[in-house]
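One structure below.
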Amino acid sequence: MRDDVRSARSVEQARHTAEGERPASDREVPIDGMQRDVAFWRSFEEQLSARRRTRAPAGLEARIMAAIPMEPLG
Amino acid sequence: VSTSEPELLVDQDDTDQRIIQRVLAGDRDEFTVLITRYSDPLYRHALCMTGSPDVAEDILQLSFIKAYQHLAEVRGRFDAWVFRIVANGCKDWLKNIRRSHLSYDEDDQPSGYATPDEELDRTELRSDLDVALSSLPASLREAFVMKHVEGRSYEEMADLLGTTVGALKMRVHRAREALQALLEEKYA
């Protein structure tokens, strides 16, 4: 019985030691945390994708030309 | 064969260099072709860097005016040259808006807003993307946007920004880490 307890303790101790030595990035991430990560990056990627298709506002070209001096460069 | 398609106004085969020669020879209106050709990617860059459509439009307008006035100085590719003007305009704007807040703090005068980002939030409803990008330092934001929005290669980015591929890979990596940290903070 005492051996069983000692054995269980040593297993638990070994687990804690190994956990403590592993870098934070290697530790297990809770499932809900992973789902949040996935949801965030998916939403972020969708917004990036929309931004890649964004076009300059209509009429910008005309507004820029109106602001450029009328005198030709030549 | 008749077609209902509108006639193409921009001849894609007409090189930038030929257009520049015509503008320099006195044909001011030809400059419109260059604006049409590059305003979309340049606007996207300015929008990602500033998070504000109004500011992005102002930066584009000032950049194209500057480009027109200094057109005779173009050496090499026009698109790379005008990109640098816009990119510098964005970085100057970010510096100025931060400096204006620092000066308020130094003078102990109430600015009305706690941070430049809050100032933007007050005037415009910003997307999560813009809020996240605004949390990054300008150099990381610039590298992340050029890589993940504009889809440029590291070699092209290095050429445009005058830095090394290694430095840019590090900036993009740090930007991703910062965005991940932001996520963890948001959901902690």
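The values are calculated or read from the model by the stated rules, or taken from the named source; none is laboratory data. None of these values were measured; they are calculated from a predicted model. Heads up, the Cβs are rebuilt from the backbone with ideal geometry, glycines too, and the neighbour counts pull from every protein chain shown.
Matching residues to (1) away from chain A (no Cβ under 14 Å); (2) closer than 19 Å to B:Lys91 by Cα; (3) out of contact with any Leu (no Cβ under 7 Å at 6 or more places or on another chain):
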{"position": "B:Ala138", "(1), (2), (3)": "yes, yes, no"}
{"position": "B:Arg141", "(1), (2), (3)": "no, yes, no"}
{"position": "B:Lys147", "(1), (2), (3)": "no, yes, yes"}
{"position": "B:Gly151", "(1), (2), (3)": "no, no, yes"}
{"position": "B:Glu155", "(1), (2), (3)": "yes, no, yes"}
{"position": "B:Leu160", "(1), (2), (3)": "yes, yes, yes"}
{"position": "B:Gly166", "(1), (2), (3)": "yes, no, yes"}
{"position": "B:Arg174", "(1), (2), (3)": "yes, yes, no"}
{"position": "B:Ala178", "(1), (2), (3)": "no, no, no"}
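Which residue, of B:Phe83, B:Phe78, is surrounded by 15 or more Cβ atoms within 10 Å (Cβ to Cβ), in contact with an Asp or Glu (Cβ under 6 Å, 6 or more places away or on another chain) and of a type in the set (A, V, I, L, M, F, W, C)?
The unique qualifying residue is B:Phe78.
Examine segment A:38-49 for a residue that is touching a Phe, Trp or Tyr at 6+ places or on another chain (Cβ under 8 Å), closer than 30 Å to B:Glu57 by Cα and modelled with pLDDT of 80 or more, and state whether such a residue exists.
no
From the set of residues in segment B:138-168 that are of a type outside the set (A, V, I, L, M) and touching a residue at least 40 places away in the same chain (Cβ under 8 Å), which is nearest to B:Val86 (Cα to Cα)?
Of segment B:138-168, the ones of a type outside the set (A, V, I, L, M) are B:139, B:141-142, B:144, B:147-148, B:150-156, B:159, B:162-164, B:166.
Then drop every residue that is not touching a residue at least 40 places away in the same chain (Cβ under 8 Å), which leaves B:141-142, B:150, B:159.
On the way: B:Arg141: 15, B:Glu142: 12, B:Glu150: 14, B:Asp159: 15 Å.
Looking at the filtered set, the residue picked out is B:Glu142.
Is segment B:165-188 home to any residue that is assigned to a helix (DSSP H, G or I), at pLDDT 95 or above and under 13 Å from the mean Cα position of the chain (by Cα)?
no
For segment B:33-47, check the following and say yes or no: at least one residue is small (Gly, Ala, Ser) and more than 7 Å from chain A (Cβ to nearest Cβ).
The answer is yes, given that some residue of segment B:33-47 is small (Gly, Ala, Ser) and more than 7 Å from chain A (Cβ to nearest Cβ).
Has segment B:19-38 got at least one residue that is in contact (Cβ under 8 Å) with a residue 60 or more places away in the chain, in a helix (DSSP H, G or I), in contact with a Phe, Trp or Tyr (Cβ under 7 Å, 6 or more places away or on another chain) and not β-branched (Val, Ile, Thr)?
no
Specify the residue that is nearest to the chain's Cα centre (by Cα); the eligible residues are those in segment B:34-54 that are of a type in the set (Val, Ile, Thr) and crowded, with 21+ Cβ neighbours inside 10 Å.
First pass over segment B:34-54, keeping only residues of a type in the set (Val, Ile, Thr): B:35-36, B:50.
So of that shortlist, the ones also crowded, with 21+ Cβ neighbours inside 10 Å come out as B:35, B:50.
Working: B:Ile35: 15, B:Thr50: 8 Å.
Looking at residues that are of a type in the set (Val, Ile, Thr) and crowded, with 21+ Cβ neighbours inside 10 Å, I get B:Thr50.
Surrounded by fewer than 18 Cβ atoms within 10 Å (Cβ to Cβ) and within 12 Å of chain A (Cβ to nearest Cβ): which single residue out of B:Ile59, B:Ile65 fits that description? Reasoning before the result, please.
Numbers: B:Ile59 fails: surrounded by fewer than 18 Cβ atoms within 10 Å (Cβ to Cβ).
After ruling out the rest, the residue left standing is B:Ile65.
Select from segment B:68-109 the residues that are part of a loop (DSSP other than H, G, I, E, B) and more than 14 Å from chain A (Cβ to nearest Cβ) and write down the one among them that is modelled with the highest pLDDT. If you could, list the steps in order and put the result at the bottom.
If we filter segment B:68-109 for residues that are part of a loop (DSSP other than H, G, I, E, B), which is where we start, we get B:70, B:74-77, B:108-109.
From what's left, more than 14 Å from chain A (Cβ to nearest Cβ): B:75-77, B:108-109.
Values: B:Arg75: 87, B:Gly76: 89, B:Arg77: 93, B:Asp108: 44, B:Gln109: 43.
Applying the filter and picking the extreme gives B:Arg77.
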